[in-house]
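Peer 1: Below you will find the structure I want to go over with you.
The values are calculated or read from the model by the stated rules, or taken from the named source; none is laboratory data. Just so you know, these numbers come straight off a predicted model, no measurement behind them. Note: ideal-geometry Cβ built from the backbone for every residue, glycine included; neighbour counts use all protein chains shown. For accessibility, only protein heavy atoms count, side chains too; no ligands or nucleic acids. Shrake-Rupley method; radii C 1.70, N 1.55, O 1.52, S 1.80 Å.
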Amino acid sequence: MCSSIQDLTRQCGEAARILREWVEKEAFIPIFSHNDADGLAAGSIVAKAVHRLGGKFLLRIIPRIDDRFLDRHEKAGFKFCVFTEIGSGYLDMLGKLSSEAVLVIDHHKPLPLDFPSLIHVNPHPYGFDGARDISGAGMCYLVVRELSRENVDLAPLAVVGALGDLQDKNEARTLQGLNLEAVKDAEANGLLEVSTDLLFYGRETRPLPQALATTLNPFIPGLSGEEDRCLGFLSQLDIPLKAGERWRTISDLTPDEKQKIFSEITIYLSSKGFAQNTILSLLGGVYTFKKEDKWTPLRDGREYAALLNACAKMEKTGLGVALCLGERGKALEEAQAVLNDYRRTLGRTVTSLMEDKDRVKTLLKLTLIRGHGLVDENLISPIATILSGSGSFPPSKPLLALTNTRTGEVKASIRASQTLVDRSLNLGVIMQAAAEKVGGKGGGHNVAAGATIPPEGEESFVQLVEQMVGESLT
Ligand code: C5P
Ligand code: ZN
């Protein structure tokens with residue numbers, strides 16, 4: 001194990017050199033990336049860099065790597081291929097490929113494997129934590145930065161990837177660690193401004209009362225989810241809600257107006273007994289892309305990430321990639337419609353699940369949600385996140401959500417509270433071990449993990465997970 005940014009940068013330089021060599025040799029570069037916001041940003045960063053080298057690319061967004069994928073890959077006969085934001089957890093499968101060179105640029109915890117055709121760029125062996133310190137898009141950025149200074153204009157995408165992966169989930173709600181490489185480059189080149197500000201949802205695009213009402217973290221009793229009351233609250237503070245015909249957004253507010261809102265909410269939450277820390281979570285790092293038009297979601301890092309995530313989950317990956325590669329206008333309008341559709345679909349699906357008693361089971365050590373036939377495989381992960389944070393289930397048990405995939409397997413997503421993780425629960429380890437025992441594949445982080453398993457293994461899988469959770473928490 002080596003541990004320095006210099007060593008990691010050297011490895012990025014090596015990856016960049018190999019990428020350039022293959023563009024010169026083959027001119028056509030297949031890139032496979034993961035279907036979430038970070039994956040879309042990561043794949044787009046490499047695609048743009050390949051284009052700038054004079055190469056052509058095929059960028060395919062994939063949910064996982066399985067035998068079916070390997071078969072198709074082999075039939076295509078690629079001599080060289082790139083995997084971004086996916087691959088480190090699948091080195092066992094990628095080792096079966098007959099490509100001459102396989103470049104993997106990822107930040108997931110790697111399997112401890114190597115094979116002769118592999119060029120692997122991952123932060124973990126260098127002493128960095130891929131869950132917190134750098135995103136997949138951030139890793140891709142470090143590679144393409146070694147190709148040309150021109151690629152610094154891709155730094156904002158690395159910031160979007162990190163925000164999409166919630167790498168700002170610390171007390172200061174800011175990006176830290178190696179993510180600061182892209183943040184600093186983007187700032188230095190006039191592309192990004194970072195400020196500490198109110199973290200209300202929809203900073204650039206939502207009318208003020210809506211932005212306040214849709215902010216659920218922290219949940220403000222009497223305001224969260226209550227747009228009318230938010231309207232009353234803001235009017236009573238004498239804050240103009242419109243500029244002419246247009247609704248004002250958080251990004252329009254003057255520092256005085258923001259201070260007024262923050263003070264008033266602080267008094268209100270303190271009177272309800274909320275801790276200072278919770279109140280401070282209303283504030284955090286805001287990432288504003290200065291070259292993007294005002295009042296568009298692409299100007300705010302978190303809104304940009306939400307848009308990409310929706311495109312990824314609603315099978316509009318081409319649209320998400322088009323945005324990353326610089327398309328605006330109609331593409332942006334379409335993506336906004338996709339985000340609205342995504343939110344509506346999630347809301348509807350959560351309601352249907354909660355209303356159907358047969359789908360929600362309280363086991364001894366787990367809450368089990370069965371989404372089969374109702375929840376799309378791409379939505380089970382956000383749904384597990386929403387349900388586990390909804391306050392409707394016992395916080396003392398992890399929440400395991402299952403659904404069937406289009407190819408007949410079962411997709412599992414599991415979430416736990418920080419309190420359980422502090423008691424040394426590690427869901428990533430459990431999902432990996434339990435999935436492997438039933439012939440599937442799993443992994444992830446201590447608080448959030450996933451797996452894909454064969455349908456006949458479902459019952460044993462649930463039992464195994466329950467047993468392992470029980471053993472971890474005794
Ligand atoms: O699939 P889901 O989003 O629920 O997974 C939660 C986390 O676990 C994600 O960060 C995902 O990348 C990771 N994961 C993994 N290996 C798997 C499945 C999920 O590393 N086989
Ligand atoms: Zn990621």
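Peer 1: For the chain, what proportion of DSSP beta bridges, expressed in % and rounded to the nearest 5, is antiparallel?
Peer 2: Of those bridges, close to 55 percent are antiparallel.
Peer 1: If the chain between T362 and L280 were fully stretched, how many nm would it gain, using 0.36 nm times the residue separation less the Cα-Cα distance?
Peer 2: Length gained between T362 and L280: 26.1 nm.
Peer 1: Here's a follow-up. Please state the relative contact order of segment 91-177 as a whole percent: Cα pairs under 8 Å, 6+ residues apart?
Peer 2: 24 percent
Peer 1: Shape verdict for the chain, please, from the Cα gyration tensor: rounded (a/c under 1.5), prolate (a/b greater than b/c) or oblate.
Peer 2: oblate
Peer 1: Could you please state how large a percent of the accessible area of segment 2-184 is carbon and sulfur, counting protein chains only and using a 1.4 Å probe?
Peer 2: Carbon with sulfur: 50 percent of the solvent-accessible area.
Peer 1: If you rank D165, D38 by how much accessible surface each has, with a 1.4 Å probe, what is the order from largest down?
Peer 2: Per-residue accessible area, sorted high to low, gives D165, D38.
Peer 1: At a probe size of 1.4 Å, how large is the accessible area of M354, to the nearest 10 Å²?
Peer 2: Approximately 70 Å² for this residue.
Peer 1: May I pose another question? For the chain, return all DSSP H helices satisfying: extent of Cα atoms along own axis at least 20 Å; mean Kyte-Doolittle hydropathy at least -1.0.
Peer 2: Those that pass (Cα extent of 20 Å or more, hydropathy at least -1.0) are 5-26, 37-52, 255-271, 330-355, 458-472.
Peer 1: Whole number please: convex hull volume per residue, Cα atoms of segment 2-184, in Å³.
Peer 2: With only Cα atoms used, segment 2-184 gives 100 Å³ per residue.
Peer 1: So, one more: With n ≥ 4 as the cut-off for DSSP H runs, can you work out [θ] at 222 nm for the chain, using -39500 (n - 2.57) per run divided by the number of residues, rounded to the nearest 500?
Peer 2: -13500 deg cm²/dmol
Peer 1: Nearest 0.05, what FRET efficiency do S392 and I62 give at R0 = 25 Å with Cβ-Cβ as r?
Peer 2: That pair, S392 with I62, gives E of 0.15.
Peer 1: With r as the distance between the Cβ atoms of R72 and H51 and R0 = 30 Å, compute the FRET efficiency 1/(1 + (r/R0)^6) and round to 0.05.
Peer 2: Computed FRET efficiency for H51 and R72: 0.80.
Peer 1: Suppose the chain between L473 and D92 were pulled fully straight at 0.36 nm per residue; how much longer would it get relative to their current alpha carbon spacing?
Peer 2: 134.1 nm
Peer 1: Let me ask something additional. Calculate one ³J(HN,Hα) per residue across segment 102-109 by plugging θ = phi - 60° into the Karplus curve 6.51 cos²θ - 1.76 cosθ + 1.60, and present them in order as whole Hz with x for glycine and proline.
Peer 2: 10, 9, 10, 10, 8, 10, 6, 4
Peer 1: Taking the alpha-carbon centroid of each part, what is the distance from segment 226-265 to segment 354-415 in angstrom?
Peer 2: 37 Å
Peer 1: Roughly how many nanometres apart are two label points built 7 Å out from the Cα toward the Cβ at R17 and D256?
Peer 2: Label-label distance for R17 and D256, simple model: 6.0 nm.
Peer 1: For the chain, which span is the longest to avoid every loop-located (per DSSP) member of trypsin sites (Lys or Arg not before Pro) having at most 15 other Cβ atoms inside 10 Å?
Peer 2: 170-271
Peer 1: When the label point is put 7 Å from the Cα of R246 along its Cα-to-beta-carbon vector, which residues of segment 307-339 have a backbone N closer than 17 Å?
Peer 2: 329, 333
Peer 1: Tell me, in nm to one decimal, what length is gained between I267 and R10 on full extension, where the rule is 0.36 nm per residue of separation less the Cα-Cα distance?
Peer 2: Separation in residues times 0.36 nm, less the Cα-Cα distance, equals 87.4 nm.
Peer 1: Can you tell me the dipole magnitude for the chain around its Cα centre, using point charges on the Cβ only (Lys, Arg +1; Asp, Glu -1), in Debye to the nearest 20?
Peer 2: Result for the chain is approximately 360 debye, rounded to the nearest 20.
Peer 1: Heavy-atom accessible area per residue, the chain, 1.4 Å probe: how many Å²?
Peer 2: 44 Å²
Peer 1: Can you list the lysines whose alpha carbon sits under 17 Å from that of K330, skipping same-chain ones fewer than 8 residues off?
Peer 2: The reachable lysines, counting only those whose Cα sits under 17 Å from K330, are K294, K316.
Peer 1: To continue, here is another question. Going by the alpha-carbon gyration tensor, a ≥ b ≥ c the square roots of its eigenvalues, is segment 216-366 rounded (a/c under 1.5) or, if a/c is not under 1.5, prolate (a/b greater than b/c) versus oblate?
Peer 2: In terms of gyration-tensor shape, oblate.
Peer 1: How large is the charge dipole for segment 381-474, taken about the Cα centre, if only the Cβ atoms of Lys, Arg (+1) and Asp, Glu (-1) carry charge, to the nearest 20 debye?
Peer 2: 260 debye
Peer 1: If r is the Cβ-Cβ distance from H372 to E327 and R0 is 35 Å, what FRET efficiency results, to the nearest 0.05?
Peer 2: For H372 and E327, the calculated efficiency is 0.40.
Peer 1: Follow-up question, since we're still on this one. Please sort by residue number the GluC sites (Glu not before Pro) in segment 211-312 whose DSSP state is loop and whose Cβ has at most 13 other Cβ atoms within 10 Å.
Peer 2: Those satisfying the criteria are E245.
Peer 1: Using θ = phi - 60° and the Karplus relation 6.51 cos²θ - 1.76 cosθ + 1.60, list the HN-Hα couplings for segment 77-92 in order, rounded to whole Hz, with x at every Gly or Pro.
Peer 2: Working through the residues one at a time gives x, 5, 7, 9, 8, 10, 10, 10, 6, 7, x, 4, x, 10, 4, 4 Hz.
Peer 1: Sorted by accessible area with a 1.4 angstrom probe, largest first, how do F57, F69, F78 fall?
Peer 2: F57, F78, F69
Peer 1: Additional query: Within the accessible area of segment 356-473, what % is carbon and sulfur when the probe is 1.4 Å and the other protein chains stay in place?
Peer 2: Ligands and nucleic acids excluded, carbon and sulfur give 51 percent.
Peer 1: Rounded to the nearest percent, how much of the accessible area of segment 243-307 (1.4 Å probe, protein heavy atoms only) is carbon and sulfur?
Peer 2: Answer for segment 243-307: carbon and sulfur cover 55 percent of the accessible area.
Peer 1: Follow-up. How large is the accessible surface of T419 in square angstrom, using a 1.4 angstrom probe and rounding to the nearest 10?
Peer 2: Counting only protein heavy atoms, T419 exposes about 90 Å² to solvent.
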